[in-house]
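As structure tokens, the structure follows; a few thoughts come after it.
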Amino acid sequence: MRRTSTWRRQLGQRCNGWYVISGIGALAALLPSLYILAGLLEKPNENWAHIREYMLLDYAKESLLLMGGTVIFTVLIGVTLAWLTTAYDFPFRRLFSFLFVLPLAIPPYIAAYTYASMLSYTGSVQTFLRNTLGMTVNQSYFDIMSMKGAIFIFTMFLYPYVYLITKSFLERNSAVFIENARLLGQRPLAIFFKVVLPLSQGAIVGGASLVAFEVLNDYGVSKHYGIQTFTVAIFKTWFGMYDVDSAIRLSAMLMTVIIGVFVLERLLRRRKRYNGSTKRTLPLQRRRLQGAPALLAVVFSLAVAMLSFLIPVAQLIVWATWTFEAVWDERFADMIRNTLTMAFGAVSILMVLAVIAANANRTWRSNATLVMSKLLSMGYSIPGAVLSIGVLAVFLSIDERLASLYEAMGLGANKLVLSMSLAMLIVALVIRFLAVGFNAVDAGFDKIGTRYSEASRMLGYGVTRTFFKVDLPMLKGAVMTGFILAFLEVVKELPLTLLLRPFNFDTLATKAYQYASDEMIHEASTPSLIIIGFGIISVCLYQWLGRRESV
């Protein structure tokens with residue numbers, strides 16, 4: 001009896017607004033995935049038999065090859081740059097450290113269109129070689145429309161995930177170990193392979209998993225380069241064959257791949273923890289490179305910066321000067337307005353949910369809050385094409401159940417009010433990128449600790465008043481960071497927006513894709529540059545907040 005009353009008292013303490021809203025958000029994030037997985041229980045149709053026999057194995061091979069090749073090369077470049085900028089000082093190091101982050105502002109599908117046009121026979125590169133240098137080269141040297149080319153694109157524009165996470169880890173946690181290795185006479189290569197790589201394995205795996213999720217989410221690069229991935233297959237099955245059932249079944253299979261990647265990441269990171277020998281975290285003393293090593297570092301850094309940011313942006317600017325007057329009209333103002341409305345609406349909602357869930361997770365530490373936080377973070381690992389099918393299925397079900405209400409309101413018996421509306425798109429974006437905001441806020445809570453909130457609670461303040469009076473003023477930087485990162489992701493997102501946008505609702509991303517699909521690459525430069533401009537502003541604000549928080 002006493003145990004029952006204790007359980008009821010604990011349940012009553014937790015069943016407040018913070019806890020309930022977190023639970024509702026977690027269930028909402030889980031619902032589309034359940035709809036997709038339930039598709040495996042349905043009886044397959046004739047199309048599925050054809051897909052399974054002749055296409056499914058190719059989809060799996062292409063997806064895994066693209067993901068595996070990209071992960072390998074992003075790890076090689078990202079970890080090398082993180083170690084180089086953390087442990088050594090060389091000319092223009094600070095400038096390169098900033099340039100290495102800017103590729104995050106360029107969506108890979110825009111980079112794919114740009115490089116494909118630049119390297120074509122009539123592109124700027126081969127035209128320069130023929131007309132200026134009098135050189136005619138083998139076309140196979142410039143064939144980027146292939147698996148190798150797609151891996152190159154993803155590597156150049158996704159390596160910042162590995163670079164940022166690894167660099168942050170090394171700056172905060174590696175100084176003591178590396179300095180001890182230096183005092184013991186270890187050479188730089190030995191330190192890198194024997195100390196840095198084992199020490200930062202958890203951070204590297206975390207960055208690599210984000211890269212893997214981004215590759216599996218992609219549609220624009222794979223479609224343009226003719227690579228038959230699962231995401232491309234979902235689009236073709238849905239819009240080409242008009243077979244939603246088979247598209248759901250493909251989505252469910254892709255989700256099993258995602259779950260496998262997620263489980264593998266957890267297994268690799270589970271035991272990669274360590275305890276430092278001191279509570280003081282001293283910054284790592286950079287060693288000055290001179291002579292040939294300094295020149296090699298500058299050349300390598302410059303090559304990466306040019307390939308991943310400077311060259312594609314310069315080419316887009318040139319193309320925009322050619323086509324700006326032809327494409328710029330009142331519709332662009334509408335596209336910018338649609339993009340900002342979609343982004344600010346989705347990010348504002350997801351940040352409110354992120355703050356509520358992170359505060360509930362911090363205040364009531366339990367298995368239930370841990371499960372809720374994992375469910376809220378699950379959306380980022382689900383590709384946009386997969387999530388869109390799940391969200392659409394949920395909203396169609398809601399409209400079906402509300403049909404009698406719509407008829408009573410004079411809207412018609414078969415009216416689709418919520419499906420294919422801006423509200424559905426915003427809900428999908430919230431589910432997809434809620435993890436970005438949640439992780440930023442949760443990290444902010446970890447940084448400020450619990451002593452101030454506990455002191456407030458001891459003085460008689462409740463959870464809500466403590467949050468607004470004590471926690472929120474100290475959490476502003478983390479909330480702003482989460483808002484900026486989520487805004488950047490929403491503006492760049494293509495698959496979700498392309499599939500779930502309302503009729504005649506164009507955004508900058510969908511317009512750039514439409515131009516590129518119609519082989520109007522030069523016209524695609526203007527909306528692409530606006531997207532990149534939003535991205536650069538977001539990255540600069542993120543860097544500024546990071547420096548401010550570290551002071």
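The values are calculated or read from the model by the stated rules, or taken from the named source; none is laboratory data. Note that the coordinates shown come from a computational prediction; the quantities given were computed from them, not determined experimentally. Methodologically, a virtual Cβ is constructed for each residue, glycine included, from the backbone with ideal geometry; neighbour enumeration extends over all protein chains shown.
Quick notes
- Criterion violated by Ala320 - all others in (1) at pLDDT 85 or above; (2) exposed (fewer than 14 other Cβ atoms within 10 Å of the Cβ); (3) small (Gly, Ala, Ser); (4) over 26 Å from Phe169 (Cα atoms) satisfied: (2)
Residues are listed down the side, and each one gets a yes or a no for (1) touching a strand residue (DSSP E or B) at 6+ places or on another chain (Cβ under 6 Å); (2) surrounded by 15 or more Cβ atoms within 10 Å (Cβ to Cβ); (3) in a helix (DSSP H, G or I):
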site	(1), (2), (3)
Val75	no, yes, yes
Pro91	no, no, no
Phe96	no, yes, yes
Pro103	no, yes, yes
Tyr113	no, yes, yes
Thr122	no, no, no
Gly134	no, no, no
Tyr141	no, no, yes
Met145	no, yes, no
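- Residue in segment 196-248 that is nearest to Thr166 (Cα to Cα), counting only those that are aromatic (Phe, Trp, Tyr) and touching a helix residue (DSSP H, G or I) at 6+ places or on another chain (Cβ under 6 Å): Phe213
- All positions within segment 507-521 that are surrounded by fewer than 20 Cβ atoms within 10 Å (Cβ to Cβ) and assigned to a loop (DSSP other than H, G, I, E, B): Asp518, Glu519, Met520
- Close pairs from segment 39-57: first farther than 14 Å from Asp243 by Cβ, partner part of a helix (DSSP H, G or I) and among the small types (Gly, Ala, Ser), Cβ under 6 Å, at least 6 apart: Leu40/Ala252
- Some residue of segment 213-225 being under 18 Å from the mean Cα position of the chain (by Cα) and at pLDDT below 85: no
- Total residues in segment 328-350, condition over 30 Å from Ala478 (Cβ atoms) and either outside any helix (DSSP H, G or I) or among the basic types (Lys, Arg) (or both): 3
- Considering residues of segment 39-73 that are among the acidic types (Asp, Glu) and either crowded, with 18+ Cβ neighbours inside 10 Å or not in a helix (DSSP H, G or I) (or both) only, the residue modelled with the lowest pLDDT: Glu42
- Test: residue in segment 316-327 that is among the acidic types (Asp, Glu), over 24 Å from the mean Cα position of the chain (by Cα) and either on the phi > 0 side of the Ramachandran plot or not in a helix (DSSP H, G or I) (or both): no
- Residue check, Glu179 touching a residue at least 40 places away in the same chain (Cβ under 8 Å), among the acidic types (Asp, Glu), over 25 Å from Ile536 (Cα atoms) and in a helix (DSSP H, G or I): yes
Residue by residue, here is whether (1) among the β-branched types (Val, Ile, Thr); (2) closer than 18 Å to Val75 by Cα holds:
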{"site": "Ile178", "(1), (2)": "yes, no"}
{"site": "Leu184", "(1), (2)": "no, no"}
{"site": "Phe193", "(1), (2)": "no, yes"}
{"site": "Ala203", "(1), (2)": "no, yes"}
{"site": "Phe213", "(1), (2)": "no, yes"}
{"site": "Lys223", "(1), (2)": "no, no"}
{"site": "Gly240", "(1), (2)": "no, no"}
{"site": "Leu250", "(1), (2)": "no, no"}
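- Among the candidates Ile336, Ile382, Ile356, residue that is modelled with pLDDT of 90 or more and either of a type in the set (Val, Ile, Thr) or surrounded by fewer than 13 Cβ atoms within 10 Å (Cβ to Cβ) (or both): Ile336
- Identity of the residue in segment 202-237, among the small types (Gly, Ala, Ser) and closer than 30 Å to Asn173 by Cβ, that ends up surrounded by the most Cβ atoms within 10 Å (Cβ to Cβ): Gly207
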